[in-house]
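Worksheet: one structure, shown below.
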Amino acid sequence: MTTLAQKWGIHPEHGWLHGARPDEPVVRDQDSGVWNVYGYREAVAVLGDPATFSSRTAHLFAEDGGDVIAEGDLLQTDPPRHRQQRDLVRYAFTPRLLAGMEPRISELVDELLGAIADPTGFDLVDAFCSPLPILVVGEMLGLPRADVPKLERWMREMAASFGDLSPAADQAEQERVFAATAVLMEQVVEYLREHVRARAGAGGDGLLDRLVTAEIDGERLSEDYVVAFAKTMLAAGHTTTSMLIANTVLCLDADPGLDRRVRADRSLVPGLLEESMRFLSPIAATYRATTRPTALGGQELDAGSIVMVWLAAANRDPAQFPDPDVFDPSRTPSSQIGYGHGIHFCIGAQLARMEARIALNALFDRFPGLRVADGAVPKVHPAFDTTGLASLPVVAQV
Ligand code: HEM
């Protein structure tokens, strides 16, 4: 029988999406020495113990590339510095500030949908899912609207390039990918640097304005740091949110009965989005490095090991989710870990949930029917550590 994952062309290595189950929760790849963590319990244990499982992993991939990638990146920072850095930006994601953004996000959603030239046939990712998160984060950072297409192109290219990187690849291949990504990143960094410089002393109230005057232990953040933080916000919030929206439309397309039920009862949308995150987790895997020898899932790991935590596999662990291959939005509360777990839990999770909720409701309102175009094969993102659509041709009834 053809599984949905086969029909959708999802990476064959993501066996859990094809109905297979890993034999063990923790398995060492013999060629690369990387430890793959597939079990839910084990994934939560790794993410919940930053003292043993460090987030500073970039230097393990490339000696000289590590700092370029890691600088100012919360995801590459361990305690105690991590807490200090996260505290500086936490305010921008409080429920009150997010609620204040809701009307503006609705306007942006309507604008994008209204601009679709032929609503009876278009690519949902290109026209809607991909530009929306860049518009939202761009406004949070105070970047000019006219630059959004350029930013979006850079982010898509960067995600595609960085996505080629695998810890299983040999050193030369890893260096090649880092070099290609660094070139793209340099363009983004130069662009953001101009905007950060313009902020210094300008006295504005945006996220970038606040960061240029923020201090840790009495010291101002460096320009490099603020620039790198802005880059992380753009990169972490873009393809992920785009995938969440497109993946959810794809899941509804596979189940017309569910599509009808959700359209009729919009209170089902939040549960639908959580199940979409579990079923097709945009960030399929994240990395850690062991700081000391440790035991995990019946295995003994040496200090300095690379650990690949497969969030997408943990989200299909039958010990945690009965009938994990059944798409069931009524699994509430969902314990899915698509936004991570522990101190690095996604700072933008509520923003992503809100954007996706507004986006889906607007799609339902505007298009009484929205189906994947006949014969079209949705294009999945090539990066082996993501699960999500790069393109989705749809036909809509208007
Ligand atoms: C962290 C997924 C949206 C910014 C994370 C982590 C995951 C994740 C899995 C933790 C990774 C780890 O522990 O190694 C997602 C998904 C999203 C999404 C699936 C959308 C569906 C966003 C948005 C933003 C954002 C919209 C900001 C605008 C961040 C940042 C971190 C993070 C800054 C680092 C937090 C830290 O290290 O303390 N995200 N994310 N994310 N996310 Fe998201």
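Brief remarks on what is shown
- Interchain or long-range residues, amide H under 5 Å from L389's placed H: N247, H381
- Residue separation of R266 and D87 scaled by 0.36 nm, minus their Cα-Cα distance, works out to 61.0 nm of gained length.
- Three principal axis extents of region 4-395 based on alpha-carbon atoms, in descending order, are 57, 53, 38 Å.
- Within region 286-301: backbone nitrogen closer than 18 Å to the S335 label point (7 Å, Cα to C-beta): 297
- Distance in nm between pseudo-label sites at D365 and E13 (7 Å out along the Cβ direction from Cα): 4.2 nm
- Over the chain, relative contact order from alpha-carbon pairs under 8 Å, at least 6 apart, %: 27 percent
- Linear extension gain, D224 paired with R292, 0.36 nm per residue minus alpha-carbon span: 21.4 nm
- A 1.4 Å probe run over region 249-305, with the rest of the protein chains in place, finds 40 Å² accessible per residue.
- A simple packing score, the average count of other Cβ atoms within 10 Å per residue, orders the peptides 247-253, 338-344, 77-83 as 247-253, 338-344, 77-83, with the highest score first.
- R0 of 22 Å, Cβ-Cβ distance A198-E107: FRET efficiency to nearest 0.05: 0.30
- For the chain, with +1 on Lys and Arg beta carbons and -1 on Asp and Glu, the positive-most of W310, A295, M101 along the dipole: M101
- Placing unit charges on the Cβ atoms of the charged side chains and taking the dipole of region 4-395 about its Cα centre, the candidate lying farthest along the positive direction among A117, A284, I216 is A117.
- Fully extending the segment from D29 to D253 would add 77.0 nm, taking 0.36 nm per residue of separation and subtracting the current Cα-Cα distance.
- Working note: Karplus 6.51/-1.76/1.60 with θ = phi - 60° gives region 328-338 the couplings 9, x, 8, 6, 10, x, 7, 9, 4, 10, x Hz, where Gly and Pro are set to x.
- Think of each Lys and Arg Cβ as +1 and each Asp and Glu Cβ as -1; about the Cα centre, that makes the dipole of the chain roughly 1040 debye.
- Whole-percent carbon and sulfur share, accessible surface of the chain, 1.4 Å: 53 percent
- Candidate lysines for bridging to K150, where Cα separation is under 24 Å - those fewer than 8 sequence places away on the same chain excluded: K231, K379
- Charge dipole of region 219-338 (Cα centre as origin; +1 on each Lys and Arg Cβ, -1 on each Asp and Glu Cβ, all else neutral): 220 debye, rounded to the nearest 20.
- Taking label positions 7 Å along the Cα-Cβ direction at both E175 and V377, the computed distance is 3.6 nm, reported to one decimal.
- Computed E for E186/D325 - FRET, C-beta separation, R0 45 angstrom, nearest 0.05: 0.60
- Note, ³J(HN,Hα) from phi for region 211-220, Karplus 6.51, -1.76, 1.60, rounded to Hz, x at Gly and Pro: 5, 5, 9, 6, 10, 10, 6, x, 10, 4
- Backbone phi angles across region 231-242, fed through the Karplus curve with coefficients 6.51, -1.76 and 1.60 (θ = phi - 60°), yield HN-Hα couplings of 4, 4, 4, 5, 5, 6, x, 8, 4, 4, 5, 4 Hz in residue order; Gly and Pro are listed as x.
- Selection from A359, M243, L192, by position along the positive dipole direction of the chain (Cβ): A359
The values are calculated or read from the model by the stated rules, or taken from the named source; none is laboratory data. Since we're looking at a predicted model, the values are computed, not measured. Neighbour counts are summed over all protein chains in view; Cβ atoms, including those assigned to glycine, are modelled from backbone coordinates with ideal geometry. Just the protein is used for accessible areas: all its heavy atoms, side chains included, with ligands, DNA and RNA removed. Shrake-Rupley method; radii C 1.70, N 1.55, O 1.52, S 1.80 Å.
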